[in-house]
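Asks: Structure below; questions to follow.
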Amino acid sequence: MIPHSRPVFGADSARAVNGVVHGGHTARGPVSVALEERVAALAGRSYAAAVDSGTSALMLALFALSVDRPVHRVGIPAYACRALLHAVRACGAEPVFMDCSTDLRLDSAQAEALAPTLDAVILNHPFGMIEPLVAEDWPCPVIEDMAQAAGGRIGEHNIGSFGDISIASFYATKPWGGAYGGMVLSSQPHIVDQVCLMRNADTAGVSLPYAGNHQMSDVHAALATCRLEGAPVEMGHRSALAARYDDYLQGKDIELVRREASGNHYRYIVRVEHAAQVIEAFQAHDVAATHPVELPLSRLMGQACPGADLAQQQCVSLPLLADMSDAEEDQMRKAMTVCL
């Protein structure tokens with residue numbers, strides 16, 4: 001079975017983890033600090049706090065915002081991973097779902113109409129595609145979720161440099177992923193200071209809105225650092241593979257979900273009439289095609305968003321592996337011929 005995701009690790013990853021283990025400092029330490037500095041520089045931010053997951057990063061960012069202002073209603077994309085929903089609910093806030101357009105980015109007219117009613121908004125770059133609304137002015141604080149689009153850019157500005165706060169994820173399947181981990185980034189020192197206080201329950205004061213054990217370990221930071229080293233090459237390989245997929249699919253009665261050169265080609269998504277049937281056909285050919293998200297967040301909460309519901313019915317995500325072998329690519333090509 002060709003997997004949907006496969007992180008690339010080499011001998012350098014083993015050496016890095018071995019160095020941390022034999023150094024006797026496996027919890028938060030110098031490797032985590034160095035990763036904070038490096039990612040902050042890449043994102044054009046002044047301050048960063050490494051934490052244990054991207055979900056924790058979102059939750060802590062919202063709690064940090066709530067120190068200075070009420071955060072009752074938080075806008076999130078309806079067609080996104082569950083981490084966004086769980087982070088909002090963990091803070092006791094109400095998720096306000098923003099529907100997607102046919103290219104899976106936000107319906108800009110609906111988002112603009114909702115904006116004045118929000119206390120904060122989380123904007124992601126879906127499946128490596130660039131969300132242009134992250135560069136627009138909003139009447140509330142903006143959290144940019146760069147987890148799936150790390151390495152991309154808008155014009156001359158790197159992804160991660162927009163909004164009041166940005167968050168990163170170092171989960172294994174993400175472009176910069178090692179195993180587990182996340183990061184909160186901002187150019188506002190008080191935001192990151194609050195996150196640093198809240199991520200360590202043993203030293204946190206009782207006046208904070210929340211505290212927990214959310215520090216990133218040096219073991220996880222070592223793996224993420226190695227993935228970060230190879231990320232530009234991996235992105236290039238995915239981009240070239242996506243272009244070849246485009247050629248294989250010429251003449252097929254499908255719609256390619258639009259992507260741009262400035263994205264990071266994290267996923268390869270097509271629209272078909274019945275996604276579930278196509279996914280089943282690919283899996284019968286030992287290709288782990290899947291829905292881009294398991295279920296729209298709006299549906300989880302019993303609400304309807306037409307664009308997200310249609311995406312769930314029609315969208316299929318195909319494996320786009322940076323280290324795909326020639327034999328696997330030939331298997332993909334043959335499966336595309338039969339299944340699409």
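The values are calculated or read from the model by the stated rules, or taken from the named source; none is laboratory data. On a predicted model such as this, the values are computed, not experimentally measured, just so you know. Positions of Cβ are backbone-derived with ideal geometry, glycine not excepted, and every protein chain shown enters the neighbour counts. Heavy atoms of the whole protein, side chains included, go into the accessibility calculation; ligands, DNA and RNA do not. Shrake-Rupley method; radii C 1.70, N 1.55, O 1.52, S 1.80 Å.
Asks: Any residue in the stretch 67-81 that is under 19 Å from T117 (Cβ atoms) sitting within a Cβ distance under 7 Å of a residue that is of a type in the set (G, A, S) and part of a strand (DSSP E or B)? List the pairs, counting only those 6 or more apart or interchain.
Replies: Within 7 Å, the pairs are V71/A120; V74/A120.
Asks: Tally up the residues in the stretch 297-325 that are hydrophobic (A, V, I, L, M, F, W, C) and in a helix (DSSP H, G or I), please.
Replies: Number of matching residues: 5.
Asks: Right, here's the next one. Which residues, counting only those in the stretch 254-269, are at pLDDT 90 or above, in a loop (DSSP other than H, G, I, E, B) and charged (D, E, K, R)?
Replies: Passing the criteria: only R267.
Asks: Identify the single condition in (1) farther than 19 Å from H237 by Cβ; (2) open to solvent by 30 Å² or more (accessible area, probe 1.4 Å); (3) in contact (Cβ under 8 Å) with a residue 40 or more places away in the chain that R267 does not satisfy, given that it satisfies every other one.
Replies: The number of the failed condition is (1).
Asks: Still on this model: Quick one: in the stretch 112-155, of everything that is assigned to a helix (DSSP H, G or I) and without any contact (Cβ under 8 Å) to a residue 24 or more places away in the chain, which residue is surrounded by the most Cβ atoms within 10 Å (Cβ to Cβ)?
Replies: Result: E112.
Asks: Also, I was wondering about something else. Looking at the stretch 2-26, which of the residues that are over 15 Å from A179 (Cβ atoms) and hydrophobic (A, V, I, L, M, F, W, C) is modelled with the lowest pLDDT?
Replies: For the stretch 2-26, the residue satisfying everything is A11.
Asks: Of all residues in the stretch 178-212, which are more than 16 Å from S53 (Cα to Cα), among the polar types (S, T, N, Q) and either part of a loop (DSSP other than H, G, I, E, B) or open to solvent by less than 20 Å² (accessible area, probe 1.4 Å) (or both)?
Replies: S186, S187, Q188, T203, S207 - these are the residues of the stretch 178-212 that are more than 16 Å from S53 (Cα to Cα), among the polar types (S, T, N, Q) and either part of a loop (DSSP other than H, G, I, E, B) or open to solvent by less than 20 Å² (accessible area, probe 1.4 Å) (or both).
Asks: Let me ask something else about it. In the stretch 281-294, which residues are surrounded by 13 or more Cβ atoms within 10 Å (Cβ to Cβ) and part of a helix (DSSP H, G or I)?
Replies: Within the stretch 281-294, A281, F282, Q283 meet the criteria.
Asks: Given the structure, is S56 among the hydroxyl-bearing types (S, T, Y) and open to solvent by 20 Å² or more (accessible area, probe 1.4 Å)?
Replies: Against the criterion (among the hydroxyl-bearing types (S, T, Y) and open to solvent by 20 Å² or more (accessible area, probe 1.4 Å)), S56 does not qualify.
Asks: For the list (1) more than 20 Å from K174 (Cα to Cα); (2) open to solvent by less than 10 Å² (accessible area, probe 1.4 Å), I need the number of the one condition that A87 fails.
Replies: Checking A87 against (1) more than 20 Å from K174 (Cα to Cα); (2) open to solvent by less than 10 Å² (accessible area, probe 1.4 Å), the one that fails is (1).
Asks: Suppose the filter is surrounded by fewer than 19 Cβ atoms within 10 Å (Cβ to Cβ) and out of contact with any Phe, Trp or Tyr (no Cβ under 8 Å at 6 or more places or on another chain); does A16 pass it?
Replies: Here the answer is no, as A16 does not meet what is asked.
Asks: Which of (1) at pLDDT 95 or above; (2) within 12 Å of the chain's Cα centre (by Cα) does G151 not meet, given it meets every other one?
Replies: Every listed condition holds for G151 apart from (1).
Asks: Just the residues that are open to solvent by less than 70 Å² (accessible area, probe 1.4 Å) and of a type outside the set (G, A, S), please, taken from the stretch 1-13.
Replies: If the condition is that a residue be open to solvent by less than 70 Å² (accessible area, probe 1.4 Å) and of a type outside the set (G, A, S), then I2, P3, H4, P7, V8, D12 are the ones that fit.
Asks: If you don't mind, there's one more thing I want to ask. Exactly one of these conditions fails for E328: (1) surrounded by 14 or more Cβ atoms within 10 Å (Cβ to Cβ); (2) assigned to a loop (DSSP other than H, G, I, E, B); (3) not hydrophobic (A, V, I, L, M, F, W, C). Give me its number.
Replies: The failed condition is (2).
Asks: Restricting attention to the stretch 213-247, which residues are farther than 19 Å from G128 by Cβ and surrounded by fewer than 17 Cβ atoms within 10 Å (Cβ to Cβ)?
Replies: Of everything in the stretch 213-247, those that are farther than 19 Å from G128 by Cβ and surrounded by fewer than 17 Cβ atoms within 10 Å (Cβ to Cβ) turn out to be N213, E229, D247.
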